[in-house]
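In what follows, a structure is listed as structure tokens, so that the remarks can point back to it.
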Amino acid sequence: MNSQFGIRSLRKKFSSEDACLDFLFKRRHAKRCSCGGTFRRVKGRRKYHCSRCSRQIAPTAGTIFEKSKVPLTLWFHALMMFSNAKSGLAAKTIQRDLEITYKCAWRMARLIRSALTQSEEPLKGEVELDLAFFGGKGVAGKNNEHLSEVFRAKTKVLAAIERKGQARAQVVSNGSAKNHKNFLWQNVSTKDTKLMTDKALQLDNVARPYDRHSVHHKKREFVRGKAHTNTVDWFWSHVKGSLRGTHKHVSPKYLQSYLDGFVFHYNNARSDKQRFEALVDTVLRVRGE
Ligand SMILES: [Zn+2]
């Protein structure tokens, strides 16, 4: 089985509007109507209708494609690019490769990211939790008084990652105990979990329901047996490096949607083909469904 998915697969499978629409239809609907009839394409429209009861289905309804005038072939091309770009995809690259305006490319990238909501399935097993700071000024050479100001201006993000499993990441208003608690309760199961953290004081009370193992980063203790946060540390450096390298600057307003993109890639580290199909399925999920 060919597990790659690039420009050649795209040309072979999705070379026309009809091929793209047929794929979307098959991904979401059965060919057979509940009345026993069969759905057929309505010529010239993004619709199918049942030959017997005349019921109509629009496979793009409620999705990011619905109101877009961009041909589906270009959408699929952008999805392929996004799916293969593990370090993020700049709108500028979409603009160049698809020969469209920057505004259109930026909008497509934003719509793809907006469809990538993170799963609510709780994490368990060995789960690493950490808080990170994004954006704002550097901290080198600042004295203590200025340091706290610099940190206050940064955007705070919490992440939890199962070792050899799934990740979740969320922008929070600050690094308070309350935000840690809400994030943990939403994302990490108290049962069957070994929670790996550093010695963050905010966690002392809120992590009580968990089997917590912590290392003392400030005392330069980074690994003690299974207690370490190497997985989540890798995630932070990958995300920060990618944001710097690919996107240059991301405003705090959009940081969550970029994080959703990195979490999608982390959680779908399978073959390129499987990731592409997972991406199509994800963007096809009708909002509120
Ligand atoms: Zn029917």
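Determine which single condition Arg270 fails, assuming it passes every other condition in (1) of a type outside the set (Ser, Thr, Tyr); (2) in a loop (DSSP other than H, G, I, E, B); (3) in contact with a strand residue (DSSP E or B) (Cβ under 8 Å, 6 or more places away or on another chain).
Status for Arg270: all satisfied but (3).
Please return the ranges of helices (runs of 4 or more DSSP H) entirely within region 120-220 where 2 or more residues are at pLDDT 95 or above and surrounded by fewer than 18 Cβ atoms within 10 Å (Cβ to Cβ).
In region 120-220, the matching helices (runs of 4 or more DSSP H) lie at 177-187.
Quick one: Lys248 ticks every box in (1) in contact with a helix residue (DSSP H, G or I) (Cβ under 6 Å, 6 or more places away or on another chain); (2) at positive phi except a single one, so which number is it?
Every listed condition holds for Lys248 apart from (1).
Counting residues that are away from the ligand (no atom under 16 Å from the Cβ) and among the acidic types (Asp, Glu), which helices (runs of 4 or more DSSP H) fully inside region 1-86 reach at least 3?
By residue number, 17-28.
Name every residue in region 60-79 that is surrounded by fewer than 16 Cβ atoms within 10 Å (Cβ to Cβ) and touching a helix residue (DSSP H, G or I) at 6+ places or on another chain (Cβ under 7 Å), in order of residue number. I'd like the intermediate steps shown before the answer.
Narrowing region 60-79 to residues surrounded by fewer than 16 Cβ atoms within 10 Å (Cβ to Cβ): 61-62, 66-67, 69, 71.
Matches in region 60-79: Pro71 only.
The values are calculated or read from the model by the stated rules, or taken from the named source; none is laboratory data. Because the structure is predicted, anything quoted here is derived from the model rather than measured. Here the Cβ is made from the backbone with ideal geometry for all residues, glycine too, and neighbour counts use every protein chain on show.
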